[in-house]
Amino acid sequence: MIQIYTGDGKGKTTAAMGLSLRAVGHGFNVCVIQFLKGSTYSGELYSSQLLRGKMEIYQFGKTCPHAAMIKSGFMKCQKCGSCFIGRKEITGLDRKKIEMAWDFAKKVLKERKYKIVILDEIMSALNRQLIDLDELLQVLDSIPDDIEVVMTGRNAPDKLKDKAHYVTEMKMEKHPFKQGIEARRGIEY
């Protein structure tokens, strides 16, 4: 089946990671492909290391220049946007990374090694025209029945929502960021 977590609220990646934890608990192999993301200090990366062999995360984004300091707890995220493609101008190298991520995703789906394949922030790549929607729909049509595909990101296109079996929209009603509270380690990242 195909699942989508979309909307402007927090929790899209978190929901996908929760699903992956449940799946690993039942012995399923999980592959997470993160489009546009390159942060090396997020909690899901640490968790996946504990689940080595059952859950693998591949990032196709930019690396945070402060990752070592943030990971060690000496520094907080500076919100510079350096680790997320698209907050600033998209470069040729950024486009190449998304192309690599998309090619890798298609390969993973064909290999059938994983029961769950999470395409984290693929909506951001779609919305920036870095991935073709019609091609994504064709790929989804060719997925074997024994693979669950989970896609995350804001502004899921209607054609993609129509194709999906599950669509969950995360709606922000209130967020600590609006009160000046910064992202917290272990909660937002």
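The values are calculated or read from the model by the stated rules, or taken from the named source; none is laboratory data. Because the structure is predicted, anything quoted here is derived from the model rather than measured. Reconstructed Cβ throughout: ideal geometry from the backbone, glycine too, with neighbour counts over all protein chains shown.
Here are some notes:
- From the list MET172, MET100, the one residue that fits, being in contact (Cβ under 8 Å) with a residue 60 or more places away in the chain and not charged (D, E, K, R), is MET172.
- Long-range neighbours under 6 Å by Cβ, at least six apart or interchain, first residue of a type in the set (Asp, Glu) within segment 146-159, second not in a strand (DSSP E or B): GLU148/MET1
- Being modelled with pLDDT of 75 or more, surrounded by fewer than 21 Cβ atoms within 10 Å (Cβ to Cβ) and among the small types (Gly, Ala, Ser) is a property that GLY53 has.
- Checking SER42 against (1) closer than 22 Å to ILE181 by Cα; (2) buried (at least 16 other Cβ atoms within 10 Å of the Cβ); (3) at pLDDT 90 or above, the condition it does not meet: (3)
- Test set (1) at pLDDT 90 or above; (2) within 15 Å of the chain's Cα centre (by Cα) - ASN29 fails condition number: (2)
- Within segment 1-28, tally of residues that are in contact with a His (Cβ under 6 Å, 6 or more places away or on another chain) and of a type in the set (Val, Ile, Thr): 1
- Any pair with Cβ under 6 angstrom, 6 or more apart, that starts in segment 8-30 at a residue that is among the basic types (Lys, Arg) and outside any loop (DSSP other than H, G, I, E, B) and ends at one that is modelled with pLDDT of 95 or more and surrounded by 16 or more Cβ atoms within 10 Å (Cβ to Cβ): LYS12/TYR5; LYS12/THR152
- Pick from segment 73-132, criterion of a type outside the set (D, E, K, R) and exposed (fewer than 12 other Cβ atoms within 10 Å of the Cβ), ranking: modelled with the lowest pLDDT: GLY73
- Any chance LYS62 is modelled with pLDDT of 85 or more and surrounded by 14 or more Cβ atoms within 10 Å (Cβ to Cβ): no
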